[in-house]
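Below is one structure; the comments refer to it alone.
The values are calculated or read from the model by the stated rules, or taken from the named source; none is laboratory data. Since this is a predicted model, take the numbers as computed values, not measurements. So basically every Cβ, Gly included, is an ideal-geometry build from the backbone, and we count neighbours across all protein chains shown.
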Amino acid sequence: MTIPLSETMRAIRRFAPNFYAKVGIILGSGLGGLADQLTDPITIPYQAIPGLTAGGVSGHASLLVMGYMNGVPVVCLKGRLHRYEGVSDESIRTLVRIVWQLGARTLIVTGAAGSMRAEVGAGDIMLINDHLNFQPGNPLVGPNDESVGPRFVSLENAYDLDWRNIFKAQAQRLGIQLPEGVFLSLLGPTFETPAEIRAFRMLGADAVSMSVVPEVILARHCGLRVAAVVAITNLAVGMSTEKVTHDLTLQFAEIAGRKLTRLIPECVKEIAAADER
């Protein structure tokens, strides 16, 4: 049964009647520690929110956390919902639209990914400037809610150029290497084959994972400006002798996450300031 978004928001407003965000952040595998930086936090388990369900993947806490980062009101989705778990597109739509309904105008998407560039290895981070969507279907398929966004959505500047420039400037100031690249999203839960990775590299992809793109599509549909940065947890299959596992993902996501916990708060402050101009 589809839960109206108004019912979802009524439940959230019982916990946070006067909170309005400027920026939303989706925290990927092993990156939940960023939410710990929020001051005056209000935390709600996904299970307590109508229309949401808890995810079952290690490294994803399934918590909605509202608070302040560098003085900016922020809503963190501490743990995403994955389509490969059998989660419906409706639940993922609800998750992103909560950010929009709370007043945010920007969504920062993070995640863990494999690198298809030999010079960008485990523990690095990569700024996403475009994507290739190899997930089946599209989260906007079905009747369109015109109160949320238009039927047809442009993805020409899906990864906002102004926000990318802020990320690059802040990374340079902090001495953090931040290469840019094209992200390729697959359904999972299987990792890629070496042949698939060779093909994806020929298509121009730089990083690969099982998330990010559905949320970016949904964010753009409701008018949120998007920035995306991923933690590189491994070289893609066939590019290294290291065996790709989820444990490895969590290990190197934590290493890359230390860079993100320095970078993202500075970018949040700059994005909020730029959005006020």
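Remarks
- Search result, residues across the range 84-93 that are in contact (Cβ under 8 Å) with a residue 60 or more places away in the chain and either over 22 Å from Pro189 (Cα atoms) or touching a Leu at 6+ places or on another chain (Cβ under 6 Å) (or both): Tyr84, Ile92, Arg93
- Consider the range 1-38 and keep the residues that are under 21 Å from the mean Cα position of the chain (by Cα) and without any contact (Cβ under 8 Å) to a residue 40 or more places away in the chain. The one that is surrounded by the fewest Cβ atoms within 10 Å (Cβ to Cβ) is Asp36.
- Residue among Thr249, Thr261 that alone is under 18 Å from Cys76 (Cα atoms), among the polar types (S, T, N, Q) and either touching a Ser or Thr at 6+ places or on another chain (Cβ under 7 Å) or at pLDDT 85 or above (or both): Thr261
- Restricting the range 101-129 to residues that are of a type outside the set (A, V, I, L, M) and within 14 Å of the chain's Cα centre (by Cα), the residue that is surrounded by the fewest Cβ atoms within 10 Å (Cβ to Cβ): Asn129
- When residues of the range 46-73 are limited to those that are of a type in the set (Val, Ile, Thr) and under 16 Å from the mean Cα position of the chain (by Cα), the one modelled with the highest pLDDT: Val65
- Checking the range 180-202 against the condition returns a match, with at least one residue being modelled with pLDDT under 95 and crowded, with 19+ Cβ neighbours inside 10 Å.
- Top-ranked residue in the range 119-164 [being outside any loop (DSSP other than H, G, I, E, B) and among the hydrophobic types (A, V, I, L, M, F, W, C); ranked as nearest to Ile232 (Cα to Cα)]: Ile125
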